[in-house]
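**Q** The structure is given below, and queries will be raised subsequently.
The values are calculated or read from the model by the stated rules, or taken from the named source; none is laboratory data. For clarity, every value in this text was computed on a predicted model and none was experimentally measured. Reconstructed Cβ throughout: ideal geometry from the backbone, glycine too, with neighbour counts over all protein chains shown. Each accessible area value is taken on the protein alone, full model and side chains, heavy atoms only, with ligands, DNA and RNA left out. Shrake-Rupley method; radii C 1.70, N 1.55, O 1.52, S 1.80 Å.
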Amino acid sequence: MRWTPGGVSGDIEDRRDEGGGGGGFQFGGRHIGIGGFLILLVLSFIFKRNLFTSLDTGSVGTGSSVSQPDRARDAKEEPTVEFVSFVLNDAQNTWAEILPEQGVPYRHAKLVLFRDATYSGCGSARAATGPFYCPVDEKVYIDLGFYDELSQRFGARGQFAQAYVLAHEIGHHIQKLIGVEQKVRRLQQSEPDEQNQLSVKLELQADCLAGVWAHSTEQRNLLEHNDVESALSAAAAVGDDRLQKMSTGHVSPESFTHGSSAQRTEWFKRGMSQGTIAGCNTFQ
């Protein structure tokens, strides 16, 4: 992706040195890494059992109770911070132009960078759960270590794969601003049997909205060779079917909450080809 390094966005809230390092989690005295936590989380969801209790009945915490600034790691991550700053600013500037055309004023989201664990308006934020958007405080939460996982473990390499992740979360912010997120949450409460299906539609729409931003970057000649393939590989990497296959060896479509790899890539491509919010109606 063609971009110019230019410092840190004013919409970034940097908490990387505020709390517990150690690269893992403590469960009653036992330590597991991010990968182990992710597998247990997926298994607990699929089998509807809290499998963390099998480790111990003690308290849960980050791997360290003392915060120590990691200046070397901060310096190593600086290019990534500048890149996500560029993507954040570009995506928000793009939506600040698009939304008023729909009669909706744009309100900037914040991006919180953290390590291992932090707090959010939606509860505890942990690296093992991956990036997410909290509609309560209108902030996106990302542990930059996720990008290493995305590249090394899931094979989604390249800067535009990283850009897709952030653009997807900003897509959730757009859903909040246009009222879709609130309507879906109400439907999930009134129709609990449809909860997972509604969640899939919400996530696929966020993928499509990420594609709308990608459409804008293409129009402005910011994309380079293989950028689109990089984004598509990231969308496929976080499909429910692939994650379930990796963690359990089998796929349970009825438990999908984000959509399959094929669905996620399809809706990203649709947003990129049409470039409009109207083209992202996954609820039809």
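**Q** With a 10 Å radius around each residue's Cβ, average the other Cβ atoms per peptide and rank 89-98, 172-181, highest first. Don't skip to the end; give the middle numbers.
**A** On the way: 89-98: 18.0, 172-181: 20.3.
Put in order of decreasing packing, that is 172-181, 89-98.
**Q** Within segment 167-274, what whole-number % of the accessible surface is contributed by carbon and sulfur, with the 1.4 Å probe and all protein chains included in the calculation? Please report the intermediate quantities before stating the final value.
**A** Details: 2230 of 4720 Å².
The C+S portion of the solvent-accessible surface of segment 167-274 is 47 percent.
**Q** Can you list the lysines whose alpha carbon sits under 27 Å from that of residue 176, skipping same-chain ones fewer than 8 residues off?
**A** 110, 139, 201, 269
**Q** Let me ask another. Under 5 Å between amide hydrogens, which residues at least 5 positions from residue 119 or on another chain qualify, with H placed 1.01 Å from N in the peptide plane?
**A** Close amide H contacts, sequence-distant or interchain: 125.
**Q** Provide the per-residue ³J(HN,Hα) series for segment 193-201, in order, calculated from phi with Karplus coefficients 6.51, -1.76, 1.60 and θ = phi - 60°, each as a whole number of Hz, with x at glycine and proline positions.
**A** With the stated coefficients, segment 193-201 comes to 5, 9, 4, 5, 5, 5, 4, 4, 5 Hz.
**Q** Going from most exposed to least, what order do 251, 212 have by accessible area with a 1.4 Å probe? Present the calculation step by step, with values, prior to reporting the outcome.
**A** Working: 251 65, 212 5 Å².
Listed by decreasing accessible area, they come as 251, 212.
**Q** What's the ranking of 259-265, 12-18 by average number of surrounding C-beta atoms within 10 Å, highest first? List each step's numbers first, then the result.
**A** On the way: 259-265: 21.3, 12-18: 15.9.
Result, highest mean Cβ count within 10 Å first: 259-265, 12-18.
**Q** Let me ask something additional. Which length gain, in nm to one decimal place, applies between residue 254 and residue 276 when the Cα-Cα distance is subtracted from 0.36 nm times their residue separation?
**A** Numbers: separation 22, 0.36 × 22 = 7.92 nm, distance 2.98 nm.
Stretched out fully, the residue 254 to residue 276 stretch lengthens by 4.9 nm.
**Q** Show me the chymotrypsin sites (Phe, Trp or Tyr not before Pro) within segment 200-284 that DSSP assigns to loop and that have at most 16 other Cβ atoms within 10 Å of their Cβ. Provide the component values of the computation, followed by the final result.
**A** Details: sites: 213, 256, 267, 268, 283; in loops: 256, 283.
In loop regions of segment 200-284 (DSSP not H, G, I, E or B), the sparsely surrounded chymotrypsin sites (Phe, Trp or Tyr not before Pro) are 283.
**Q** Ordering 108, 215 by how much accessible area each has at a 1.4 Å probe, largest first, what is the list?
**A** On the way: 108 85, 215 40 Å².
The ordering from most to least exposed comes out as 108, 215.
**Q** Arranged from highest to lowest average of other beta-carbon atoms within 10 Å per residue, in what order do the peptides 185-192, 271-278, 80-87 appear? Numbers along the way, then the final one.
**A** On the way: 185-192: 12.0, 271-278: 17.8, 80-87: 20.2.
Peptide ranking by packing, descending: 80-87, 271-278, 185-192.
**Q** For a quick check: with amide H placed at 1.01 Å from N, whose amide H comes under 5 Å from residue 111's, ignoring anything fewer than 5 positions away on the same chain?
**A** Residues meeting the criterion, in which the H sits 1.01 Å from N, are 12, 13, 140.
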